[in-house]
Every structure is written in structure tokens, then in C-alpha cells.
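A short write-up of the structure that comes next.
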Amino acid sequence: EQVMVTPIPPWVLLVGKIVPYVVVGLLDVSLALAVGAWLFEMPLRGGVLVLVVGTFLYLLSTLGVGLFLSTVSQSQQQAFMGGFLFLMPTVLLSGNLTPIAAMPDWLRWVTYFNPLRYFLEILRANLLKGAGFAELWPQMIALATFGVLIMTLSVRRFRKRLG
């Protein structure tokens with residue numbers, strides 16, 4: 001009931017809901033990179049700012065999907081199943097488990113609609129080759145486009161309601 005009577009616009013409420021997850025996501029990636037560099041001697045050849053911006057854009061797109069699922073779901077169970085149905089194809093079509101070049105042509109086209117594909121390209125190019133914004137701008141633009149589109153859809157569908 002308190003949420004319904006707040007005078008703030010829906011987009012401010014949604015930003016307040018995702019900020020903690022963005023912070024946790026950035027901390028998780030930082031911790032994973034630190035452990036990878038220290039324990040597994042993973043090279044860190046690229047700039048940290050590129051990784052931070054790429055991670056933020058990826059989080060924006062995936063958190064946007066979560067918010068969108070919460071606006072279309074009638075229950076927590078539906079939201080959970082929707083998240084699972086989003087997660088499995090995303091991971092399988094990202095190029096992490098199976099190289100995209102080894103996929104059939106029709107499936108390769110589907111991977112262009114997968115934010116994880118672009119995030120992995122950013123990680124690999126930045127960490128292993130030292131690529132910066134000049135080389136990774138197409139992937140950054142793709143992630144930003146996904147993030148803005150899904151967040152806009154989420155804000156438009158969001159309604160203050162009980163339950």
C-alpha cells in the first residue's frame with residue numbers, strides 16, 4: 001500500500017529496485033577478475049574502464065529482462081520459470097559453451113539477439129587482447145541498445161499494484 005501512494009514516477013521506483021543489483025553485479029565481476037588474475041594468472045591486458053562500462057551495460061540489459069518478467073508475471077513461480085526460460089538459451093547461444101562459428105547459419109542469426117554474446121566478446125577482447133573502446137564500440141552499442149529497449153518496455157509495463 002505504501003508503494004501505491006508514493007508520489008515518485010515508476011521509472012524512479014524501478015531504478016531504486018535495480019541499483020543494489022548493479023552494485024552487487026559490479027562487485028561480483030571485480031571479485032571474479034581479481035581471483036582470476038591472482039589465482040589463475042589470467043592476463044588483464046585491457047583497461048578496467050572498458051570492463052566496468054561493458055559490465056554495466058550487460059547488467060542493464062539482463063536486469064531489464066528481470067524487471068520485464070516481473071511486470072508480465074502473475075506470480076513468483078511464473079517469474080522464476082520465465083527467468084529460467086530466458087537463462088538457458090542465453091547461456092547456450094552465447095558462444096561460451098559452443099563456438100558461434102560452429103553453429104548452423106540459422107542459429108547464428110539468433111545469437112545476435114543475445115546480450116551475453118556481446119558481453120563475452122568484450123571480456124575476451126579486453127582481457128586477452130587489450131582491446132579498448134575503439135575496437136569494442138559495436139558490442140557496447142549493442143548492449144546499450146538492448147538495455148535501453150528492455151528498460152523502456154519494463155517502465156511502460158510497470159504499474160504500482162498490490163501483490
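Please list log₁₀ I(q)/I(0) at q = 0.16, 0.24, 0.25, 0.28 Å⁻¹ for the stretch 94-163, using the Debye equation with identical point scatterers on the alpha-carbon positions. Debye curve over Cα of the stretch 94-163, log10 I(q)/I(0) at q = 0.16, 0.24, 0.25, 0.28 Å⁻¹: -0.68, -1.07, -1.11, -1.21. Take the stretch 61-121 with all the other protein chains still there, run a 1.4 Å probe, and you get 61 Å² of accessible area per residue.
Charge tally around LEU93: other residues with Cβ under 10 Å, Lys/Arg +1 each, Asp/Glu -1 each, net +2. Taking the longest Cα principal axis of the chain as reference, the axis of helix 115-124 is set at about 30 degrees.
For the chain, the longest principal axis of the C-alpha atoms and the axis of helix 76-92 are separated by about 20°. These residues, GLU121, GLU41, GLU135, go from largest to smallest accessible area, 1.4 Å probe, as GLU41, GLU135, GLU121.
The residue among ALA102, TRP137, PRO10 whose Cα reaches farthest toward the positive pole of the charge dipole of the chain, with charges on the beta-carbon of Lys, Arg, Asp and Glu, is PRO10. Angle, helix 133-157 long axis vs. longest principal axis of the chain, Cα atoms, 0 to 90°, nearest 10? Long axis of 133-157 versus the principal axis of the chain: about 10 degrees. Per-residue ellipticity at 222 nm computed for the chain from its helices equals -23500 deg cm²/dmol, with DSSP H segments shorter than 4 residues left out and the rest contributing -39,500 (n - 2.57).
Starting from the Cα gyration tensor of the stretch 1-136, take the square roots of the eigenvalues, sort them a ≥ b ≥ c, and report rounded, prolate or oblate (rounded when a/c is under 1.5, otherwise prolate if a/b is larger than b/c, else oblate). Because a/c hits 1.5 or more and a/b fails to exceed b/c, the stretch 1-136 counts as oblate.
The values are calculated or read from the model by the stated rules, or taken from the named source; none is laboratory data. Predicted, not measured: the structure shown is a model, and the values here were computed from it. Cβ sites come from the backbone with ideal geometry, for glycine too, and all protein chains shown count toward neighbours. These area figures cover heavy atoms from the full protein model, side chains too; ligands, DNA and RNA do not enter into them. Shrake-Rupley method; radii C 1.70, N 1.55, O 1.52, S 1.80 Å.
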